[in-house]
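Here's the structure we're looking at; comments come further down.
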There are 2 protein chains.
Amino acid sequence: MLNGFVAAHDGRVRRPDDTDLVVRSDAPVEGKVSVVTGGGSGHEPMHAGYVGSGMLDGAAAGAIFTSPPATEFADLIDEVDNGSGVLAVIKNYEGDIMNFETAIDLVGDADVETVIVDDDVAVSEETDKTGRRGVAGTILVHKIAGAKAAQGASLSEVRKVAERVIENVASMGVALTSCTPPEKGSSTFQLGDEEIELGIGIHGEPGIERTQLDSADEVTEQLAAPVVEDLELSAGDEVAVIVNGLGNTPLGELYVVNRKLDDILSDADVDVYRSLVGEYCTSLDMSGCSITLLELDEELKELLDYPAATPTLTIRE
Amino acid sequence: MLNGFVAAHDGRVRRPDDTDLVVRSDAPVEGKVSVVTGGGSGHEPMHAGYVGSGMLDGAAAGAIFTSPPATEFADLIDEVDNGSGVLAVIKNYEGDIMNFETAIDLVGDADVETVIVDDDVAVSEETDKTGRRGVAGTILVHKIAGAKAAQGASLSEVRKVAERVIENVASMGVALTSCTPPEKGSSTFQLGDEEIELGIGIHGEPGIERTQLDSADEVTEQLAAPVVEDLELSAGDEVAVIVNGLGNTPLGELYVVNRKLDDILSDADVDVYRSLVGEYCTSLDMSGCSITLLELDEELKELLDYPAATPTLTIRE
């Protein structure tokens, strides 16, 4: 997969020998903080799809739904660090956090800071001791931290803006089917033909409610309400939107969801500043989608608009 | 769907009132030939995803797998034409061709020319009286004709370069599952768990062979061989590649196919100039993929590289 990825985006990214990493071809990029991430595979285009100018300097790929080992994260830091420091954007899963912390010990004197993304409002510390999971909202952390780094900010400034995104981003997903990890060859759980699961995780972790399949409009309301509530959005607020396909929901249906979401936000006098509709953080071949909202301020809007050139996301000057 | 699409790409595209069209916000664009297309829905991001500067001026959306009516095509011509003429890129399906020909009669004095895309090498005039179907290769016709038009070429020049793409582009697809039209709510045909169908059409039209599911490498060889043969590719040739997901094949698996395809072409000393790997012309929730190759010359390379800014495809200056 990684070799096919690098072949497709020849010249812009490279895979360092003997690693499961994808880094910018020009890494280490002098004179800027590096931003990296990593995690299990099976969520493509996350993570390598966001490697490029204005976004990530590199990403580590684990096996399907499995954290990359600490040695991979350590190699990643070595590949990208130019001495200006490295911000790691880690999703809130125990394996990712543990392996990345070990990696920091392995690399010794590199200046590395970490932020933990936990945008999934379906989970809380009461329901899971690890707390909220990191899902599609992570892409906005990549985008905004990457832009801040590209502008020449210090490591502490890049970390702080990433933390502000994390505080202001929330997501909620729904599954219509399970997913099929290739080595297993069968679904990880079962849902009836007319059944959906709200609050599903991107690895098929249990959601908060199984209910009957309803119209796209009603499902969109069920996804949007807890996200809007979590962010305490009110009239006059501005948001970035991701309507994210989990793998097997046709793009046309994601646009149907976006139409209803746009209506819901418009009715609440919440202004949509920018929308991403498509597959950004998938769960193999799962049917379903997630909604992510990020409450914006002037700086976050400017950083969202900052040019980026990655295989998945291009923001033009 | 169209309203959600326009909401997501606010400012760059618009949906004219009382139509199922998507056109550039600034249409009609003065001083250039317009390039349009259209066809049934269910292939998203085709067609509206390719509307934007350097590519299409507008696209007509029919119902799922159903040609837009002639009146829609006629409205499309009216919306985009500035007097410089319109090139319509039509895929080789009877309904699309018939309705577009009627549209030309309806609009009367507009200067309209048509090209018919028939890149699917699984079909021949011997097996189907309509001849080869138009599939994912159509995107390259949109790209290159759109670039030629953006450069200020005449209608006849834009048509000629589109025809050159059509002569030099070939595709072949494989399905692992059928697709599920929403109004039907069930699969259009059945494939066993271990069965695949080579040469499948993007509406689930029968392919040329049902065979056993094999490794990604072997399936890639089965798809690539007839395409390479059709184009009579030989050492030193240069190609553009599309590895296109039909809907429910994870992006990671498409990269696995691309890796093998890259090896096959490299072994034949065929140079890959540019690759697109992702969902470009889908068939709702069908599992499977297609491979498209376009043999390039200097002008086609220049037009492929010409800047474009559409919801799906961005080529930077």
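Taken together, the values in this text are just the output of simple stated rules run on the coordinates, not laboratory data. Here the structure is a predicted model, which means the values were calculated and not measured. For neighbour counting, all protein chains shown are included, and Cβ atoms are generated from backbone atoms with ideal geometry for every residue, glycine included.
Give me the angle, in degrees from 0 to 90, between the Cα long axis of helix B:216-230 and the longest principal axis of the Cα atoms of chain B, rounded to the nearest 10. With rounding to tens, the tilt is 60 degrees. Within the range A:169-295, DSSP assigns beta bridges of which about 70% are antiparallel (rounded to the nearest 5).
Peptide A:3-15 shows a mean partner chain C-beta count of 5 within 10 Å per residue C-beta. Toward the positive end of the charge dipole of the protein assembly as shown, with +1 on the Cβ of Lys and Arg and -1 on the Cβ of Asp and Glu, the farthest Cα among A:H43, B:T180, A:S84 is that of A:S84. Take A:E232, push a point 7 Å out from Cα through the beta-carbon direction, and compare it with the same point in every other copy: 7.2 nm, smallest first.
In terms of the Cα gyration tensor, with a ≥ b ≥ c the square roots of its eigenvalues, is the range B:71-174 rounded because a/c is under 1.5, prolate because a/b exceeds b/c, or oblate?
Working: a/c = 2.49, a/b = 1.39, b/c = 1.79.
Oblate shape, in that a/c is at least 1.5 and b/c is the bigger or equal ratio.
Using only Cα atoms, tell me the angle between helix A:251-267 and the longest principal axis of chain A; keep it within 0 to 90° and round to the nearest 10. Helix A:251-267 sits roughly 80 degrees off the main axis of chain A.
In this structure the amide hydrogen of A:T66, modeled in the peptide plane, comes within under 5 Å of the amide hydrogens of A:G40, A:S41, none closer than 5 places in sequence on its chain.
Helix A:138-150 versus the longest principal axis of chain A: what is the Cα-based angle in degrees, 0 to 90, to the nearest 10? Result, in degrees: 40.
Which links in A:K148/B:K32; A:K129/A:K160; A:K32/B:K301; A:K143/A:K260 stretch past 28 Å when you go from one Cα to the other?
Details: A:K148/B:K32 39 Å; A:K129/A:K160 25 Å; A:K32/B:K301 34 Å; A:K143/A:K260 25 Å.
Among A:K148/B:K32; A:K129/A:K160; A:K32/B:K301; A:K143/A:K260, the Cα-Cα distance tops 28 Å for A:K148/B:K32; A:K32/B:K301.
Rounded to the nearest whole Hz, the Karplus-based 3J(HN,Hα) values (6.51 cos²θ - 1.76 cosθ + 1.60, θ = phi - 60°) of the range B:90-102 follow the sequence 10, 7, 6, 10, 4, x, 4, 5, 4, 5, 6, 5, 4, with x at glycine and proline. Over chain A, dividing the summed -39,500 (n - 2.57) contributions of all DSSP H runs of at least 4 residues by the number of residues returns a 222 nm mean residue ellipticity of -9500 deg cm²/dmol. Inter-chain Cβ neighbour count for B:240-250, averaged per residue, equals 4 (cutoff 10 Å, partner chain atoms only). Backbone amide hydrogens, once placed in the peptide plane, bring B:D271 within less than 5 Å of B:G236, B:D237, B:E238, B:V239, excluding anything fewer than 5 places away on its chain. Estimated translational diffusion coefficient (Stokes-Einstein, Kirkwood radius over Cα pairs, 4 °C, 1.567 mPa s) of the range B:169-295: 89 µm² per second.
Taking every DSSP bridge with both residues inside the range B:2-167, close to 25 percent are antiparallel. Using the Cβ-Cβ distance between A:E125 and A:R12 with R0 = 35 Å, the FRET efficiency computed as 1/(1 + (r/R0)^6) comes to roughly 0.30.
Only bridges with both residues in the protein assembly as shown count here: give the DSSP antiparallel percent, nearest 5.
Bridges in the protein assembly as shown that DSSP calls antiparallel: roughly 50 percent.
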